[in-house]
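Shown next, in structure tokens, is the structure this report addresses.
Every number here is computed from the coordinates shown, using simple stated rules; none is lab data. Computed from a prediction, not measured in an experiment: that's the story for all the values here. Cβ atoms come from the backbone with ideal geometry, glycine included; neighbour counts cover every protein chain shown.
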């Protein structure tokens, strides 16, 4: 029985329990396929790793794909070598490779003594392809060994290439199979949002879901997206919460108004000082949100801490005052920027998540305003869920108000009464007397909930014209079926069968008898549908007759794959209509839809989510930088700024079809004021992002982005090994093998270029470490001028000067990061293949294997010929055979 069948049967059992009314009962775990996968992975790790590596053709004059085809023709030509492997390849291996790869102690886990002379299996194919890739990269033989001539290298590549291509032609399929996969957490979140038309600014339907497991940093791989009993229980809870939010209340809540101009308590540490200073007549904000021990970073209206009574839009009018931007104190002491206007933020908060004056796990930014100096009125319309209250923030305030009070008294003792000491007295004195930067909120008016339409969008999406009849309980059976059929077609992303509609209608009738309320019966039926495998899993199609062949995706499944690839959510109506008409099987129609979707703002989800997988940006912030060394990271919210820079940069390359090499070597980037300050580049803008030219190429391309440099550090310092491995894995597509278990790991916090170079030089003396470290170390040292948050530095802690020079395995040398980027930018074929493989893995939900190599090569070569544009590459991936197969 296949893993797809097992998963389907298990989920159908769960669906049966739900339809039977057992909404809370435990369900069996469905990770059989995952356990088998990891067991096999542990015994076949070498094969898997080398499949993933895939090798890269280096851009040299004698290496185009035409030579591989020439080799295939030569291999077949009469009169040529009867056994090309024996006459061409074996002598080459014996002369240039046997010294390191011909006994039990072979380096790199490669022994050519036992290598087959022909390709009879995929394991043999891996070995042959690996040799070709190493020769194309000019990484083997190593520079210190005897080197073959270009003719010798060319002949071996051509001969092995011919054998490889001949083997691929004998296969009935050139692609692997995609394991049936469920929606991951972000896809589930987005699908619930769009299917039910509910606002998820504050509400998160995936709250409490276990973290999705990753394969090669990608969160769409079916083998890793196992389904456990815990997750299924969460599905039940999420379905109930989401449907209730979409349906209720069924009568429009009245608009209410609240006004507050007194009793503005904020937090225990400040309340006594504020009572003394202003009798709680206004809110005072001091700290930024990133402060470690915030005082005056968040302020809710004390008498409105229970939050709003209903979900909806609320109008908030604020009487606010910006004070002391030009304060009388030392700028280095206070830290705010006199040249920038103060920014007031409004964020969500709920007492259910903890104290309102502290950071909360889910605090959406609802609005933000630049304030002119002095007093003014502003109005915002924001979405709030029931029980949530607006909180005010000082987005560019001081960093550490708690310590600032004491520092001001110490530096300016004449401004305060003698004997002022102790944190309580010092705080009271400074808050009452000192002209410190602050935002004051004098009055708050809240009005709502406000609905632009009633019934709400979610109610119309579920019930259409029948909403009133459903609420009154007067809808006849044909109308009930029409509601269910419409919802099923959107939830299952295909046309439901008549038997499916009837089955859920029977379930609805049963619930109607039990509850006596048509609205409640529909709600429970919708919940059951949301727990069906046909909703939770992609390409879970009962109608196999639609397929042109067993391996080809149906039109609805192809529509879903395209939509989740480019939008991370369900297909829209245009795409579903083409799926129903089976028009997507036409490559021209598919191409048109892909271009439409890339031009749609919803494709921002592709850029953001793919960057998380490709560049591991989802890990940004998982190792928070040390506050002592990197205070600016928190003061200016650099984590958000870093993400936005890489997003805008990638969005530009995609929208304008710029060459893939621009990811490495660009003469522009996107910054706001905080990031420009970190990069020490001129910038006249604000906190909004703008494109800026770069005269200094140290910042051009991803390797100069603070996001990449921070995510490849450890929060305290940098490690050339960690950054080198990151670059090989994610940009160059040639991940090194894991270190042997008996090798002592290096301390990633080692300071000083001389020390770490000496350590690594000694490390490389171990034979089992040499091959990998000669690839890793030069790349990592090239980035050592960037510290753990991407700031430029010339030395380590005012000690040893940084040496960023290195030599790559092919003999090319460089002096710094800018020169390395020039070298890498010339490897357009390698960069494009690595990116293509990651795109296909992300899109299809399975890692690429050796059997996908012909398609990878074809996409790469065609894209290089057409200008190597990013948009062209994404479109070519969508039109490729692997994309359209199960």
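The stretch 316-355 and the stretch 682-711 have Cα centres spaced 26 Å apart. Subtracting the Cα-Cα distance of residue 412 and residue 86 from their residue separation scaled by 0.36 nm leaves 108.7 nm.
In plain terms, the C-alpha convex hull of the stretch 617-826 casts an average shadow of 11.9 nm² when viewed from every direction. In the calculated pair-distance distribution of the stretch 318-404, the portion above 22 angstrom amounts to 37 percent of the Cα-Cα pairs. Just need log10 I(q)/I(0) for the stretch 612-692 at q = 0.14 Å⁻¹, Debye formula, equal scatterers on the alpha-carbon atoms, no solvent, rounded to two decimals. Debye curve over Cα of the stretch 612-692, log10 I(q)/I(0) at q = 0.14 Å⁻¹: -0.53. Exposure proxy ranking for 511, 305, based on other Cβ atoms within 10 angstrom of each Cβ and starting from the fewest, stands as 305, 511.
Evaluated at q = 0.10 Å⁻¹, the base-10 log of the normalised Debye intensity for the stretch 635-736, with identical point scatterers placed on the Cα atoms, takes the values -0.28.
Each part gets one Cα centre, and for the stretch 457-499 versus the stretch 356-434 those centres are 51 Å apart.
Kirkwood hydrodynamic radius computed over the stretch 799-886 comes to 14.9 Å, based on all pairs of distinct alpha carbons. Note on the stretch 445-507: Cα Rg divided by 2.2 N^0.38 Å, N the number of residues, gives 1.40. The slack between residue 683 and residue 166, meaning 0.36 nm per residue of separation minus the straight C-alpha distance, is 180.4 nm.
Place a label point 7 angstrom from the Cα of residue 359 along the Cα-to-Cβ direction, then list the residues of the stretch 271-311 whose backbone nitrogen is under 16 Å away. Backbone N within reach: 287-299. Put in line by how crowded their Cβ is, counting other Cβ atoms within 10 Å and starting with the fewest, 286, 679 read 679, 286.
Computed over the stretch 256-450, the P(r) curve from all C-alpha pair distances, binned at 10 Å from the origin, holds 9, 38, 36, 14, 3, 0 percent per bin. Debye calculation, C-alpha points only, no solvent: report log10 I(q)/I(0) for the stretch 587-656 at q = 0.16, 0.21, 0.26, 0.29 Å⁻¹, in the same order as the q values. Debye intensities relative to I(0), on a log10 scale: -0.67, -0.93, -1.15, -1.25. Panel order for 499, 568, by other beta carbons found within 10 Å of each beta carbon, from fewest to most: 499, 568.
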